[in-house]
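Student: This is the structure I have questions about; it appears just below.
The values are calculated or read from the model by the stated rules, or taken from the named source; none is laboratory data. Computed from a prediction, not measured in an experiment: that's the story for all the values here. Counting neighbours? That spans all protein chains shown, and the Cβs are built from the backbone with ideal geometry, glycine included.
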Amino acid sequence: MKTFHIISPDESLRPALIDKINNLTKPKGSLGTLEELALQIGLIQQTLSPVLTHPQNIIFAADHGIVEEGVSLSPKEITWQQISNFLHGGAGVNFLCRQHGFTLKIVDAGVDYDLPYEKGIIDMTVRKSTRNYLHEAAMTEEEMEMCLERGAEVVRQCHDEGSNILSFGEMGIGNTSSSSLWMTYFTGIPLEQCVGAGSGLNHAGIRHKYEVLKRSMENYQGDNSPRDIIRYFGGLEMVMAIGAMLQAAELKMVVLVDGFIMTNCLLAAAQLHPEVTGYAIFGHCGDESGHRLVLDALHARPLLNLGLRLGEGTGAICAYPIVDSAVRMLNEMDNFAHASITKYF
């Protein structure tokens with residue numbers, strides 16, 4: 001069984017960080033969320049002068065057996081076709097990575113297609129697509145463990161390359177269905193409130209998706225433990241993202257959380273190791289109907305609300321400049337004593 005050793009950020013530095021933030025040349029609290037982010041990142045890095053180095057966005061990709069039940073407007077082949085788009089630099093995540101200086105890594109967790117690995121895709125394939133959880137578990141215990149370890153391995157590679165902040169994205173037609181199921185099991189929010197349009201279902205499509213997921217829950221014969229829920233209803237790319245998030249937290253890296261699917265991955269990760277939330281910054285509240293509810297369940301305050309629902313890590317990368325601003329505030333603003341300014345609060 002893959003184990004992670006995650007320790008919540010040491011709080012002993014908090015008073016010194018707050019003192020530094022409060023003595024910058026500004027009214028106390030006047031930079032709002034930037035001050036909260038600076039405090040969080042300072043605690044993660046255990047320093048009064050944190051830095052952000054070599055940001056990377058990791059996209060985990062896989063197919064889902066539940067797509068056979070018509071729960072998605074998009075056909076399964078969109079998964080590999082969009083990966084091709086990533087490789088050619090034409091996707092939404094590509095221009096954002098270029099704009100904000102992110103390295104993009106694409107990881108095959110279980111795409112049902114022969115991908116061109118020679119073009120730079122990282123081959124971490126566990127199996128080609130999950131099984132259909134309407135009838136059986138999406139993956140075996142062994143496959144889940146492989147996903148956790150392989151997600152962690154990618155993060156260790158990023159860490160070795162000098163990264164201390166990562167965002168995570170996904171590509172997998174059908175993965176809002178798995179997210180909805182994890183959400184209802186781990187928050188207690190009724191399934192109907194967890195199910196949304198995904199890639200563009202109409203009202204009838206959403207109702208059909210709900211009915212399929214409801215029957216899947218009725219057919220479930222597991223032990224209701226978090227690990228079993230993750231295994232039974234999860235996506236390969238989603239479990240790999242859990243392993244990645246947990247490894248990043250163990251290595252004391254900042255985790256930028258993207259949209260509905262990645263937020264539910266963080267939710268699931270927190271079922272295994274609650275300490276992971278101390279390393280998470282939530283990039284945005286997306287347009288998928290359940291996203292706000294799961295953010296509220298995590299007591300998370302997203303940085304942006306732009307009506308996004310693309311995935312891929314796009315919302316997390318959009319939020320990165322705000323995180324960068326928080327770090328620059330700590331490092332570049334003068335303090336009252338040095339600037340010979342009388343405190344005016």
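Student: Could you list, in sequence order, the residues of region 237-280 that are assigned to a helix (DSSP H, G or I) and of a type in the set (Val, Ile, Thr)?
Tutor: Val239, Ile242, Ile261, Thr263, Val276, Thr277, listed by residue number.
Student: Considering region 1-43 alone, what residues qualify as being free of Cβ contacts under 8 Å to residues at least 12 places away in the same chain and within 23 Å of Ala244 (Cα to Cα)?
Tutor: Thr3, the sole residue that qualifies.
Student: Which ones in region 153-183 are of a type in the set (Ser, Thr, Tyr) and either surrounded by fewer than 24 Cβ atoms within 10 Å (Cβ to Cβ) or not assigned by TED's automatic domain parsing to the domain that holds Asn132 (or both)?
Tutor: Passing the criteria: only Ser163.
Student: Is it true that Arg150 is among the basic types (Lys, Arg), part of a helix (DSSP H, G or I) and buried (at least 22 other Cβ atoms within 10 Å of the Cβ)?
Tutor: Considered against the rule, which asks whether it is among the basic types (Lys, Arg), part of a helix (DSSP H, G or I) and buried (at least 22 other Cβ atoms within 10 Å of the Cβ), Arg150 comes out as yes.
Student: Follow-up. Consider only pairs whose beta carbons are under 9 Å apart and that are at least six residues apart or on different chains; among these, list those whose first residue lies in region 285-312 and is at pLDDT 95 or above and whose second residue is in a loop (DSSP other than H, G, I, E, B) and of a type in the set (Ser, Thr, Tyr).
Tutor: none
Student: Here is a follow-up. Among the residues that make up region 141-160, is at least one of them touching a Ser or Thr at 6+ places or on another chain (Cβ under 6 Å), at negative phi and at pLDDT 95 or above?
Tutor: Taking every residue of region 141-160 in turn, none turns out to be touching a Ser or Thr at 6+ places or on another chain (Cβ under 6 Å), at negative phi and at pLDDT 95 or above.
Student: Among the residues of region 224-236, which ones are surrounded by fewer than 24 Cβ atoms within 10 Å (Cβ to Cβ) and assigned to a loop (DSSP other than H, G, I, E, B)?
Tutor: Matches in region 224-236: Asn224, Ser225.
So that you can scan it fast, the table gives a plain yes or no per residue for (1) in contact with a Ser or Thr (Cβ under 9 Å, 6 or more places away or on another chain); (2) outside any loop (DSSP other than H, G, I, E, B); (3) buried (at least 16 other Cβ atoms within 10 Å of the Cβ); (4) among the aromatic types (Phe, Trp, Tyr):
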site: Phe86; (1), (2), (3), (4): no, yes, yes, yes
site: Val93; (1), (2), (3), (4): yes, yes, yes, no
site: Gln99; (1), (2), (3), (4): no, yes, no, no
site: Leu104; (1), (2), (3), (4): no, yes, yes, no
site: Asp114; (1), (2), (3), (4): no, no, no, no
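Student: For Met245, are the conditions met, namely being buried (at least 24 other Cβ atoms within 10 Å of the Cβ) and touching a Cys at 6+ places or on another chain (Cβ under 7 Å)?
Tutor: Criteria met by Met245.
Student: Can you find a residue that is in contact (Cβ under 8 Å) with a residue 60 or more places away in the chain, buried (at least 23 other Cβ atoms within 10 Å of the Cβ) and assigned to a loop (DSSP other than H, G, I, E, B) anywhere in region 203-223?
Tutor: No, there is no match, as no residue in region 203-223 is in contact (Cβ under 8 Å) with a residue 60 or more places away in the chain, buried (at least 23 other Cβ atoms within 10 Å of the Cβ) and assigned to a loop (DSSP other than H, G, I, E, B).
Student: Here's another thing I want to ask about it. Being at pLDDT below 95, outside the structural domain of Ile165 (by TED's automatic domain parsing) and not acidic (Asp, Glu) narrows it down to one of Thr25, Thr33, Thr47, Thr3, so name that one.
Tutor: Unique residue meeting the criteria: Thr3.
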